[in-house]
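Here is the structure we will look at.
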Amino acid sequence: MTLPDGLLSRYFRLADLMLEFGSNLGMPHTQSMGNGLFELRIKGKEGIARAFFCTKIDKKIIVLHVFAKKTQKTPKKELKLANARMLEVINYDS
């Protein structure tokens, strides 16, 4: 899935801020989802999107999953996919 241009532009802007200032931009931009999973909260004229990410010890930011939100609550399948990918990242280095 690709994001609309406005949301994609906002995603890149927030990603640049994360690279410059670190992954914890705080609300309303980033939020912990628990167990090392975080979400980047993207909002634009076209709607809302989320990017799930985790971090590695050497401060690498790994984006696991990006999707456009269509409901108030984050869908469980999107969260489940992000958690599964995070486990793959963690287990890859073990």
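Taking the Cβ of PHE53 as the center, what net charge do the other residues with Cβ under 11 Å away carry, scoring Lys and Arg +1 and Asp and Glu -1?
Around PHE53, the surrounding residues sum to +3.
Using unit Cβ charges (K, R positive; D, E negative) and no other charged atoms, how large, in debye to the nearest 20, is the dipole of segment 1-60 about its Cα centre?
Charge dipole, segment 1-60, about its Cα centre: 80 debye, nearest 20.
Hand me the tally of lysine pairs in segment 1-81: alpha carbons under 18 angstrom apart, and the pair either on different chains or 8 or more positions apart.
Close lysine pairs under the 18 Å cut-off: 8.
Around MET27, with a cut-off of 14 angstrom between Cβ atoms, what is the net charge of the other residues, counting Lys and Arg +1 and Asp and Glu -1?
Residues close to MET27 contribute a combined charge of +2.
Build a GNM of the chain with springs between Cα atoms under 10 Å: which of ARG41, ARG50, ARG13 gets the top mean-square fluctuation?
Taking springs between Cα atoms under 10 Å, the residue moving most is ARG13.
Once ligands and nucleic acids are excluded and a 1.4 Å probe is used, how much of ASP16 is accessible, expressed in Å² to the nearest 10?
90
How tilted is helix 76-92 with respect to the longest principal axis of the chain? Cα atoms for both, answer in degrees (0 to 90, nearest 10).
It is inclined by approximately 30 degrees.
The values are calculated or read from the model by the stated rules, or taken from the named source; none is laboratory data. Not measured: the values here are computed from a predicted model. Every residue, glycine as well, gets a Cβ built from its backbone with ideal geometry; the counts of neighbours run over all protein chains shown. We work out accessible area using only protein heavy atoms, side chains counted, and drop any ligands, DNA or RNA first. Shrake-Rupley method; radii C 1.70, N 1.55, O 1.52, S 1.80 Å.
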